[in-house]
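Everything on this sheet refers to the single structure shown next.
The values are calculated or read from the model by the stated rules, or taken from the named source; none is laboratory data. Treat the numbers as computed from the prediction; the structure is a model and nothing was measured. Using ideal geometry, Cβ is built from the backbone for each residue, glycine included, and neighbour counts are taken over all protein chains shown. Accessible surface is based on the protein model in full, side chains and every heavy atom, while ligands, DNA and RNA are left aside. Shrake-Rupley method; radii C 1.70, N 1.55, O 1.52, S 1.80 Å.
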Amino acid sequence: MDFQAEKKKQISAVEEPGLLKPFQKTPKEDLLTARRMLEEFDCITLLDDLRWNSLVNKWTIHCLIEIESADLQLIDKKTQWFVFIDDSYPLGKIKFYPAKQNGITLTFPHQNYNSEGNEDLPWRDGDLCLNTNMSLFKRLGVDIEPQDAEHRLHWHFERFISWLEYASKEELLQTSDHFELPPLAIRMPITVVFSENDRTFQFWKNTHFKYGYLDLIKLDTSNQTLMINKFFTPQDILIYKCHWGDYVSNHEKGHIKGAWVLLNKIPVLRPWHIPSNWGELISVCHMQNIDLLSIIKQFAPTFRYSGRHILMLGFPIPDRIGEKSVQIHWIGLALPELTHQLSLTHGFRDREKAYWWHDQQKLFKKSAEIDWLFTENWDKSELTSRGSFPNDVTSKSALIIGAGAVGSVVSELLVRSGQTQLAIMDGDLLQAGNLVRHTLTLNDINKYKVDSLVNRLIDCSPHNQIKGINKHFPLNNEEHLEMINQYDVILDCTAEDEVIYQLENLPRSPDKTFISISLGYGSKRLFVYMSKGQSFSAKSFFKLIGPWQEKEAQSLIGIEFPREGIGCWHPVFPARSDDVWQMATIAIKNIEMALQQPIIKPKLLVYEQEWNEEVFLGTKLVSQEEYDER
């Protein structure tokens, strides 16, 4: 083949609206190289070669694929496809869409919902997922997809042909594969949030109620997000309340009444298609011996005069294909607005019966499309799956004394690692000079640090329960002292000697973990003291840290501390935010260790920045000493 001649033929001529001359675009050599590699496939017939499509701003190939289909009812031997290729090839995306003419019409696993899509375009919406599970980790070297121009498109076509062959045999879902929910045809931009895990699954397994009413919370931060709050029986008896943190109660705007139905299994049609209309959904539920319309009929008198309502459908799901179910998943839909203005027709004396007859004939007819909603599981285990402390750490409650730079960073790192029960004590207002190292912003100037910090931490997770005490430690009020004793961990981030002495004066209590975090000059050193017991020992603290205080003092001879403002001279602690935050991160590692391992004797760990001339080598543990009373 004369590829130079072929290249000239492949110059696209697509008429652009409003232009007299055709728009011309030439494929790059990398893309032509990839296109030549496709000639190795005997099963591929190009119906229309590389062409630039200005509607989607991508290169397209229209092709016919022929396979030995195992089931012609699922996939014909010959099917047509459109392949989209980004102009940045070999970078960018490569997508395969079924053609409307002689393409597949069903939705399979590892495929987006295969609707007909835009009526003016020749392809459907159901693009295939051909990426590997590790495509996000290319930089780690664990993804097998080639990135060079010669092989990348060829590799995608190989996976595409394999996908078709497996799809025809209904073998796209293999035993031990991670369970994946089929895509929904979302028609309304509303997200309903729920919280389900292996523990709540036991409740749903044991309850004999299969449907009822829902209480959903509207948030003042978003008109598009609803939080499931309570589940009721059909008689409006409470059977389960979701456990949310302070964020939900702080931002509660109102309540909406909905309904729930618990199914026996996922409502899916062959091969892997969530119903898109009421006829399909009613049929799928009937196959599970659930009369969905009869259940909705019970809700109808309550919902009829108050607009649209949400119906949640729950079903058990496994973690992996072929394994036992481990939790309940919910999908949601918006019920149509039920009939509430209708003249009684001949044969009906009961208005509700007339309304319901009209509902069935018009609103729930077989072809009526379902308005599916977005749903998300905001259970703590789901939200922290990218990284969190183990449960034996997050299960402990903590009191942080000091909401300065160190306290703000440590508290945020704690809650973002899954710590949900936290109290913070500090009596200072935020000043402009604090902003250089603090996690708060200009919006918080001249406000109590604690109040602003608590609000920030609450907004980090819907499960956080954060308490703020805008007073200085210690508290002489007995009620406050009793409150302090409720916490498993006391974390001092003040670097103030007086706090150390006052900790010793706390009344004895059940064993607590005490941790004190402080920084050396310029945040070049980190001091982490930890002990465990019914009381705190200032003596052990100062004996361990004393030599280091002397070393710090010697290194500061002749150094003039910076000042802030031009009033009474008052030095400030000099340290950059990157140094403070780095040390706070190291402190977090030690907090985790202290809560997981037994602390036999009080211990002080000292870390120092390490440099090789102008190259930063990292932070090194330079001392680890335990307190000995002798």
Simple label model, 7 Å out from Cα along Cβ direction - Asn612 to Leu342, nm: 8.2
Mean-position separation - Cα centroids, the stretch 513-552 and the stretch 215-261, in angstrom: 46
Spin-label model distance (nm) - Ser397 vs Arg308, 7 Å beyond Cα toward Cβ: 4.3
Stretch gain in nm, segment Leu475-Arg386, where the contour uses 0.36 nm per residue and the Cα spacing is subtracted: 28.2 nm
Unit charges at the beta carbon, dipole of the chain: most positive-side option, Thr420, Ile296, Leu262: Ile296
Length released on extending from Gln73 to Arg416, taking residue separation times 0.36 nm less the Cα-Cα span: 118.5 nm
FRET efficiency for Asn57 and Asn131, using Cβ-Cβ distance with R0 set to 22 Å, rounded to 0.05: 0.55
Cut-off of 10 Å, at most 10 other beta carbons, DSSP loop: longest stretch of the chain lacking such GluC sites (Glu not before Pro): 120-559
Vicinal HN-Hα couplings computed from phi for the stretch 579-596 (Karplus, 6.51 cos²θ - 1.76 cosθ + 1.60; Hz; Gly/Pro x): 6, 5, 5, 4, 5, 4, 5, 5, 4, 4, 4, 6, 4, 4, 4, 5, 8, 9
Most positive-pole-ward Cα, Ser249, His208, Gln224, against dipole of the stretch 199-293 from beta carbon charges: His208
For Ser276, distant residues with modelled amide H under 5 Å away: none
5 angstrom amide H check on Val326, placed H, neighbours 5+ away: Ile317, Asp319
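Over the chain, give the accessible area per residue in Å² for a 1.4 Å probe, as an integer.
Computed with neighbouring chains in place, this is 52 Å² per residue.
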Modelled FRET efficiency - R0 56 Å, Asp488 with Met188, Cβ distances, 0.05 increments: 0.80
Extension gain (nm, one decimal) between Asp177 and Ala553, 0.36 nm per residue minus Cα-Cα: 129.3 nm
Phi to ³J(HN,Hα) by Karplus 6.51 cos²θ - 1.76 cosθ + 1.60 over the stretch 548-554, Hz, x for Gly, Pro: 6, 5, 5, 5, 4, 4, 5
Mean projected area (nm²) of the alpha-carbon convex hull when the chain is viewed from all directions: 42.9
Charge dipole magnitude, Cβ of K and R +1, D and E -1 - the stretch 481-630, Cα centre, debye nearest 20: 320
Partner lysines for Lys543 [C-alpha distance under 18 Å; skip if fewer than 8 residues away on the same chain]: Lys532, Lys551, Lys601, Lys603
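Applying a 10 Å radius around every beta-carbon, put 78-84, 508-514 in order of their mean neighbour count, most first.
78-84, 508-514
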Neighbourhood charge, 14 Å Cβ-Cβ cut-off, centred on Ile186 and excluding it, Lys, Arg +1 and Asp, Glu -1: -3
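Can you pull the percent of the chain's accessible area that's carbon plus sulfur, 1.4 Å probe, other chains left in place?
Reported share for carbon and sulfur atoms: 48 percent.
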Leading residue at positive end of dipole, the stretch 120-224 (Cβ point charges), from Leu153, Ser176, Phe194: Phe194
Euclidean distance between Cα centres, the stretch 388-418 to the stretch 91-105, Å: 48
Cβ-Cβ FRET estimate between Cys43 and Gln147, R0 fixed at 35 Å, reported to 0.05: 0.90
Antiparallel DSSP beta bridges within the chain, as percent of all bridges there, nearest 5: 75
Cα-based shape type of the stretch 124-242, given that a ≥ b ≥ c are square roots of the gyration tensor eigenvalues and the cut on a/c is 1.5: prolate
Length-normalised contact order of the chain in % [C-alpha pairs under 8 Å, at least 6 apart]: 8
Amide H within-cut-off set for Ser397, under 5 Å, with H built and near neighbours excluded: Asp488, Val489
Zone of His358's modelled label, taken as backbone nitrogen in the stretch 275-310 under 16 Å from a point 7 Å along Cα→Cβ: 300-308
From phi via Karplus (6.51, -1.76, 1.60), per-residue ³J(HN,Hα) for the stretch 168-182 in Hz, x at Gly/Pro: 5, 9, 6, 10, 5, 9, 9, 4, 5, 5, 4, 5, 10, 6, x
